[in-house]
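**Q** The following block contains the structure, expressed as structure tokens.
The values are calculated or read from the model by the stated rules, or taken from the named source; none is laboratory data. Everything numeric here is computed off the predicted structure, so don't read it as measured data. Ideal geometry is used to build each Cβ from the backbone, glycine not excepted, and the neighbour counts take in all protein chains shown.
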Amino acid sequence: MGKIKCVVWDLDNTVWDGALTEGEVTLKSDIVDIIRELDKRGILQSVCSKNDAGYTMEKLKEFGIDEYFLYPQINWNPKSENIRTICKSFNFGIDAIAFVDDQQFELDEVSFNIPEVLCINAENADAIPDMDEFIPLYITEDSKNRRHLYMNDIVRNDEESRFEGTSEEFLSTLGMRFIIRRAQKEDLKRVEELTVRTHQLNSTGTVYSFDELNEMIGSDKYEVIVVQLTDKYGDYGKIGVSVIEKEEGKWHLKMLLMSCRVMSKGVGSVLLKYIVNSAMDSNVKLYADFISTDRNRIMYVTYKFTGFREISKNGDVIQLVSEAEKPFKYPDYIDVDADIEF
């Protein structure tokens, strides 16, 4: 079991004492302390409860904790079905989810249908903050702001659902700024966190430690690039990383990743196109590693659509080479701001 990205809470006799359909309920202060602590760590949270949605949300607001729960699923559907909906909304792997409930039947139903989910009986909830799955490597500024970043995403997605026009037309209204720069030491905790947390848009699944990254940024042999994205709704935080090993006449792209949160924003290939263009400007041959996993096929497709061809395979490592003949243009709806001179 890896690190948990989202905790899904039952409510009746879990977050509060009592059942809402049977009368008054009392908030469990110890559980609220845990919810707040997880939030500080950058662990997102949601609700899966068999109750009336309107009345339940009113009660959460009354208790002042509604803002902690994103994409709440309050209905009478099977909880495994609701957890899948929550997972899809966050665009997480299902094994990044934990579920807390006081009813063993509900825990068993979820375990049977989604065995990858970490199920915890509410009577053991006090142990959650000390479990390894809930202890991040670092608590960065992006971690602390993660819930708010996702809340901004909900606003964006809501506006997009009401927008009358094409996806590109909507994206052009956002004023997106894609900032590419060399990683500095103060970026490295977040960079390491991204390599640990990102699976779908990760070309190799490689996890670089802080010390390894720190050694790289001090070496002429490597380029560690970090990407930040902003738009009219705010800052997405640091959402992309690449590691390039440089040799005479060639560059070797050892890792390329983008946060899953930006998959629908039309920016997935921008960093790769920037690196291809920079290699052409520097008159060097560009190679890239790719290691296939059960989640990252989209990265392989991104390489292929950006003009890469397979040339060899060594174990699990596929080596590709760029065959681009002219520089790529970036989408009109993105302002690419790069300050790197290779």
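**Q** Report yes if some residue within segment 282-300 is without any contact (Cβ under 8 Å) to a residue 60 or more places away in the chain and closer than 25 Å to Thr140 by Cβ; otherwise report no.
**A** no
**Q** Do we find that Ile83 is at negative phi and at pLDDT below 95 in this structure?
**A** no
**Q** Report whether or not Ser89 is in a helix (DSSP H, G or I), more than 30 Å from Gly175 (Cα to Cα) and polar (S, T, N, Q).
**A** no
**Q** So for segment 176-188 (the condition being surrounded by 18 or more Cβ atoms within 10 Å (Cβ to Cβ) and among the charged types (D, E, K, R)), does at least one residue qualify?
**A** yes
**Q** Scan (1) closer than 21 Å to Asp235 by Cα; (2) in the same structural domain as Ile43 (by TED's automatic domain parsing) for the single condition Ile179 breaks and write down its number.
**A** Failing condition for Ile179: (2).
**Q** While we're here: So, in segment 92-105, how many residues would count as being in contact with a Lys or Arg (Cβ under 8 Å, 6 or more places away or on another chain) and either in a loop (DSSP other than H, G, I, E, B) or at pLDDT 95 or above (or both)?
**A** Residues in segment 92-105 being in contact with a Lys or Arg (Cβ under 8 Å, 6 or more places away or on another chain) and either in a loop (DSSP other than H, G, I, E, B) or at pLDDT 95 or above (or both): 5 in total.
**Q** Right, here's the next one. Restricting the search to segment 299-342, which residues are β-branched (Val, Ile, Thr) and surrounded by 13 or more Cβ atoms within 10 Å (Cβ to Cβ)?
**A** If the condition is that a residue be β-branched (Val, Ile, Thr) and surrounded by 13 or more Cβ atoms within 10 Å (Cβ to Cβ), then Thr302, Thr306, Ile318, Val321, Ile334, Val336 are the ones that fit.
**Q** Need pairs with beta-carbon distance below 9 Å; first residue outside the structural domain of Ser259 (by TED's automatic domain parsing) and within 15 Å of Ser46 (Cβ to Cβ) and within segment 144-159, second small (Gly, Ala, Ser) and surrounded by 13 or more Cβ atoms within 10 Å (Cβ to Cβ); sequence gap 6+ or separate chains.
**A** Qualifying pairs under 9 Å: Arg146/Gly42; Arg146/Gly237; Arg147/Gly42; Ile154/Ser89.
**Q** Considering only segment 38-54, state which residues are outside any loop (DSSP other than H, G, I, E, B) and closer than 17 Å to Ile120 by Cα.
**A** Within segment 38-54, Leu38, Leu44, Gln45, Ser46, Val47, Cys48, Ser49 meet the criteria.
Listed here are the residues, each with its yes/no results for (1) in a strand (DSSP E or B); (2) touching a residue at least 12 places away in the same chain (Cβ under 8 Å); (3) on the phi < 0 side of the Ramachandran plot.
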| site | (1), (2), (3) |
| --- | --- |
| Phe178 | yes, yes, yes |
| Glu186 | no, no, yes |
| Val191 | no, yes, yes |
| Thr195 | no, yes, yes |
| Val207 | no, yes, yes |
| Asn214 | no, yes, yes |
| Val224 | yes, yes, yes |
| Thr230 | yes, yes, yes |
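**Q** Which condition number in (1) in contact with a strand residue (DSSP E or B) (Cβ under 9 Å, 6 or more places away or on another chain); (2) surrounded by fewer than 18 Cβ atoms within 10 Å (Cβ to Cβ); (3) under 20 Å from Asp142 (Cα atoms) is the one that Glu67 fails?
**A** (1)
**Q** Okay, next question. Looking at Ala122 and the list (1) in contact with a strand residue (DSSP E or B) (Cβ under 9 Å, 6 or more places away or on another chain); (2) surrounded by 14 or more Cβ atoms within 10 Å (Cβ to Cβ); (3) without any contact (Cβ under 8 Å) to a residue 60 or more places away in the chain, which single condition is not satisfied?
**A** (3)
**Q** Those residues that are in contact with a strand residue (DSSP E or B) (Cβ under 7 Å, 6 or more places away or on another chain) and among the small types (Gly, Ala, Ser), I need them from segment 25-49; list them, please.
**A** Ser46, Ser49
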